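Data first, discussion second: the structure below is written as structure tokens.
The values are calculated or read from the model by the stated rules, or taken from the named source; none is laboratory data. Note that the structure is a prediction, hence the values are computed from the model and not measured. As a convention, Cβ positions derive from the backbone with ideal geometry for all residues, glycine included, and neighbour counts pool all protein chains shown. Heavy atoms of the whole protein, side chains included, go into the accessibility calculation; ligands, DNA and RNA do not. Shrake-Rupley method; radii C 1.70, N 1.55, O 1.52, S 1.80 Å.
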Amino acid sequence: MNATHQQHQTLKPQFTFHLLGERSAVMQSISTHIDLDCQRLIWAIAQKIQTLNICIDVVPGMNNLTLVFDPIRHPPQAILAQLEELAATTEVTESATRHVQIPVKYGAQYGPDLAIVADHCQLSTEEVIQLHSEANYLVYFLGFQPGFAYLGGLNPQLATPRRTEPRTRIEAGSVGIGGNQTGIYPAASPGGWQIIGHTSLRLFDPHRSPASLLQPGDTVSFIVEG
């Protein structure tokens, strides 16, 4: 279907709007930079959409929001128009953030790549642990696999390229660094991030509500376990 585009000439973040096939509508930031104001607006719109019960799924991403809907019950152009209206009228208000502490065992069998990160960053393993655990992180969005939180706030000194040869299996709870990001694998899967530690917390449980321990907008800190 033909895409519909509209830009908001206000102080708010600017977006384009288009249909992705017949079952999805996308709001995409014009800017490609990570912008906390943009993310907060996306989170606020996603919450409003969820209360309307018109979508099968509401998926906040980095600088974008995707709505999945039933085109028989809800005409695609009507969904797109509603998304544009919400982007124009939604105001972001300060709200209490939820802080989640993640206990982590670093190094040894829990973090086999800790020494690699330390060597790349020209730091000691103790300094890597200190820098990683003293930072406050923000959940920007969930993706890759259910419950995988993309966290902003990694100290630039710890930025380390992904492994040249990804592992075929990384255990659930593994804490890793990939480029300038850090994250936790909610389930066992292949992966190329440098694994520096492990948490015993369950990041994703389909029998829990919400199923994901971490949600967009949460703040996170890592606590060093002995």
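How about region 45-57: which of its residues are closer than 12 Å to residue 216 by Cα and modelled with pLDDT of 90 or more? Don't jump to the end; show me each part of the working.
Going through region 45-57, the residues closer than 12 Å to residue 216 by Cα turn out to be 46-47.
46 - this is the single residue of region 45-57 that is closer than 12 Å to residue 216 by Cα and modelled with pLDDT of 90 or more.
Would a scan of region 164-171 turn up a residue that is more than 19 Å from the chain's Cα centre (by Cα), part of a strand (DSSP E or B), touching a residue at least 40 places away in the same chain (Cβ under 8 Å) and exposed (fewer than 14 other Cβ atoms within 10 Å of the Cβ)?
No, that holds for no residue.
For region 50-61, what are the residues that are within 15 Å of residue 215 (Cβ to Cβ) and surrounded by 15 or more Cβ atoms within 10 Å (Cβ to Cβ)?
Answer for region 50-61, where residues must be within 15 Å of residue 215 (Cβ to Cβ) and surrounded by 15 or more Cβ atoms within 10 Å (Cβ to Cβ): 58, 59, 60, 61.
Can you find even one residue in region 15-28 that is in contact with an Asp or Glu (Cβ under 7 Å, 6 or more places away or on another chain) and open to solvent by less than 80 Å² (accessible area, probe 1.4 Å)?
First pass over region 15-28, keeping only residues in contact with an Asp or Glu (Cβ under 7 Å, 6 or more places away or on another chain): 17.
When the remaining residues are screened for being open to solvent by less than 80 Å² (accessible area, probe 1.4 Å), the result is 17.
Checking region 15-28: at least one residue is in contact with an Asp or Glu (Cβ under 7 Å, 6 or more places away or on another chain) and open to solvent by less than 80 Å² (accessible area, probe 1.4 Å).
Of all residues in region 6-37, which are outside any loop (DSSP other than H, G, I, E, B) and either of a type in the set (Gly, Ala, Ser) or at pLDDT below 90 (or both)?
As a first pass, look at region 6-37 and keep what is outside any loop (DSSP other than H, G, I, E, B): 15-20, 24-29, 36-37.
24, 25, 29, 36, 37 - these are the residues of region 6-37 that are outside any loop (DSSP other than H, G, I, E, B) and either of a type in the set (Gly, Ala, Ser) or at pLDDT below 90 (or both).
Only one of 131, 151, 123 is part of a loop (DSSP other than H, G, I, E, B), among the aliphatic types (A, V, I, L, M) and open to solvent by less than 60 Å² (accessible area, probe 1.4 Å); which?
Details: 131 fails: part of a loop (DSSP other than H, G, I, E, B); 151 fails: part of a loop (DSSP other than H, G, I, E, B).
Residue meeting the stated conditions: 123.
Quickly run through region 177-200 and pick out the residues that are over 16 Å from the mean Cα position of the chain (by Cα) and surrounded by fewer than 18 Cβ atoms within 10 Å (Cβ to Cβ).
Taking region 177-200 as the starting set, the residues that turn out to be over 16 Å from the mean Cα position of the chain (by Cα) are 188-192, 194-200.
Listed by number, the residues that qualify are 188, 189, 190, 192, 200.
Report, by residue number, each residue of region 213-226 that is in a strand (DSSP E or B) and surrounded by 20 or more Cβ atoms within 10 Å (Cβ to Cβ).
Of all residues in region 213-226, those in a strand (DSSP E or B) come to 219-224.
Of everything in region 213-226, those that are in a strand (DSSP E or B) and surrounded by 20 or more Cβ atoms within 10 Å (Cβ to Cβ) turn out to be 220, 222.
Going through region 201-212 one residue at a time, which ones are of a type in the set (Ser, Thr, Tyr) and open to solvent by 40 Å² or more (accessible area, probe 1.4 Å)? Give the derivation first.
Initial filter on region 201-212 (of a type in the set (Ser, Thr, Tyr)): 209, 212.
The answer is 209, and nothing else.
Here's a check for you: in region 69-113, which residue that is among the basic types (Lys, Arg) and assigned to a loop (DSSP other than H, G, I, E, B) is modelled with the highest pLDDT? Steps first, please.
At the first step, the residues of region 69-113 found to be among the basic types (Lys, Arg) are 73, 98, 105.
Right, trim to assigned to a loop (DSSP other than H, G, I, E, B) and you get 73, 98.
Values: 73: 93, 98: 90.
Among residues in region 69-113 that are among the basic types (Lys, Arg) and assigned to a loop (DSSP other than H, G, I, E, B), the one modelled with the highest pLDDT is 73.
With the requirement that a residue be of a type in the set (A, V, I, L, M), touching a strand residue (DSSP E or B) at 6+ places or on another chain (Cβ under 7 Å) and either under 18 Å from residue 21 (Cα atoms) or assigned to a loop (DSSP other than H, G, I, E, B) (or both), what does region 38-68 give you? Working first, answer last.
Let us first name the residues in region 38-68 that are of a type in the set (A, V, I, L, M), namely 41-42, 44-46, 49, 52, 54, 56, 58-59, 62, 65, 67-68.
Now narrow it down to the ones that are touching a strand residue (DSSP E or B) at 6+ places or on another chain (Cβ under 7 Å): 42, 45-46, 49, 56, 58-59, 62, 65, 67-68.
Passing the criteria: 56, 58, 59, 62, 65, 67, 68.
Can you spot a residue in region 90-104 that is buried (at least 16 other Cβ atoms within 10 Å of the Cβ) and in contact with a Gly (Cβ under 6 Å, 6 or more places away or on another chain)?
Checked region 90-104: at least one residue is buried (at least 16 other Cβ atoms within 10 Å of the Cβ) and in contact with a Gly (Cβ under 6 Å, 6 or more places away or on another chain).
Test residue 42 against the stated conditions and say whether it is under 24 Å from the mean Cα position of the chain (by Cα) and at pLDDT 90 or above. Explain how you work it out, then say what you get.
Numbers: under 24 Å from the mean Cα position of the chain (by Cα): yes; at pLDDT 90 or above: yes.
When the stated conditions are applied, residue 42 passes them.
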